[in-house]
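The values are calculated or read from the model by the stated rules, or taken from the named source; none is laboratory data. These numbers come from a predicted model, not from an experiment. So basically every Cβ, Gly included, is an ideal-geometry build from the backbone, and we count neighbours across all protein chains shown. The accessibility values were calculated without ligands, DNA or RNA, using every heavy atom of the protein model including side chains. Shrake-Rupley method; radii C 1.70, N 1.55, O 1.52, S 1.80 Å.
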Amino acid sequence: MPNSLTYSFAVEAGDFNKGGDAAGKIKKILKLAGLPSTVIRRAAIIAYEAEMNIVIHSVGGALRLNLNPERVELIAKDSGPGITDVSLAMQEGYSTASDEIRALGFGAGMGLPNIRHNADHFAIESQVGVGTTLEVYIDVNVS
Amino acid sequence: MQLSEMERLLELSPIVKPVDQGNEVTGGYVSDLLSDVMGNACAGSVWITIQAHQNTVAVAVLAELAAIILSNGVMPDTHTIQKAEDKGIPIYSSPKSTFTLAGELFQAGVPSTKKQT
């Protein structure tokens, strides 16, 4: 696609201290690109939740930003373990996070609902033993 | 309300001092769930919580919050303090409960804010 820029950020499993760093970098890029603050805010929420899902639930993965004049696309891809029941995972309040992780304020079952709420397009595919891919975008011009 | 006024009014202990004491607090939000704050708190709000780890700072940065107040005497570790200093997020601590702190702020005219999307 013309005028398209792609950035990729590795996200480590279990690294809560760095959790949010990739989302922070994505937010900076979008600010420099001069996008409307509402788009930036929505993208920051999506990026943060997607990043923390990789940190909390996966064995590791990456967050990718595709930026073009029409859309802010965010793709989160991990290498497993995959989600057994995606429709259950999409339900607000449902989480498989451990008590230790919940005690830190994560695992409230709000991550995927927050992402869907802030995205104009939302798609998630998961295969147990393979991994999960989340693809969302925000339409820049209708936000 | 300016950060300096908030500090004085609530008798807060500054753990990470603000870059500018004159920065405005335009609202308040209370939660210990990070996704709740990320999804609902408005930019410029002060966030009252007992979560005192590095990701608390990450959320405050992303949500563009004015400051973090740690209630019930909770103190951040040195890594969290360092991260807050690096990112320019003021952190205060107070022995008061979250309810008391929120009540005092609300009574002083700081509104409850929730993002509309």
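Looking only at segment B:69-95, filter to residues that are over 13 Å from the mean Cα position of the chain (by Cα) and within 16 Å of B:D20 (Cβ to Cβ); which one of those is nearest to the other protein chains (Cβ to nearest Cβ)? That would be B:K87. Looking across A:Y94, A:Y137, one residue alone is touching a residue at least 40 places away in the same chain (Cβ under 8 Å) and closer than 19 Å to A:A76 by Cβ. It is A:Y137. B:Q21 fulfils the conditions (1) open to solvent by 20 Å² or more (accessible area, probe 1.4 Å); (2) touching a Cys at 6+ places or on another chain (Cβ under 7 Å) except for a single criterion, (2).
Residue by residue through segment B:17-32, note down the ones that are away from chain A (no Cβ under 14 Å) and either within 11 Å of the chain's Cα centre (by Cα) or not aliphatic (A, V, I, L, M) (or both). Scanning segment B:17-32 gives B:K17, B:P18, B:D20, B:Q21, B:G22, B:N23, B:E24, B:V25, B:T26, B:G27, B:G28. One residue stands out among those in segment B:33-50 that are touching a Ser or Thr at 6+ places or on another chain (Cβ under 9 Å) and not aliphatic (A, V, I, L, M): the one that is nearest to the other protein chains (Cβ to nearest Cβ), which is B:G39. Taken over segment A:118-139, the criterion of being closer than 20 Å to B:M38 by Cα, part of a loop (DSSP other than H, G, I, E, B) and open to solvent by 30 Å² or more (accessible area, probe 1.4 Å) is satisfied by A:D120 alone. Go through segment A:42-70 and count every residue that is crowded, with 19+ Cβ neighbours inside 10 Å and assigned to a strand (DSSP E or B). The qualifying residues number 4. Part of a loop (DSSP other than H, G, I, E, B) and not hydroxyl-bearing (S, T, Y): does that describe B:I89? Spelling it out, B:I89 is indeed part of a loop (DSSP other than H, G, I, E, B) and not hydroxyl-bearing (S, T, Y).
Restricted to segment B:1-78, the set of helices (runs of 4 or more DSSP H) holding at least 3 residues that are farther than 16 Å from B:E104 by Cβ comprises B:34-40, B:54-62. Quick one: which of B:A41, B:A60, B:A66 is more than 24 Å from A:A119 (Cα to Cα), under 12 Å from the mean Cα position of the chain (by Cα) and crowded, with 17+ Cβ neighbours inside 10 Å? It is B:A66. Pairs are defined by a Cβ separation below 8 Å, a sequence spacing of at least 6 or placement on different chains, a first member in segment A:20-46 that is more than 15 Å from A:T6 (Cβ to Cβ), and a second member that is open to solvent by 60 Å² or more (accessible area, probe 1.4 Å) and outside any loop (DSSP other than H, G, I, E, B); the pairs so defined are A:I40/A:K31. If you filter segment A:9-40 down to residues that are open to solvent by 80 Å² or more (accessible area, probe 1.4 Å) and of a type in the set (G, A, S), you find that the one that is farthest from the other protein chains (Cβ to nearest Cβ) is A:A10.
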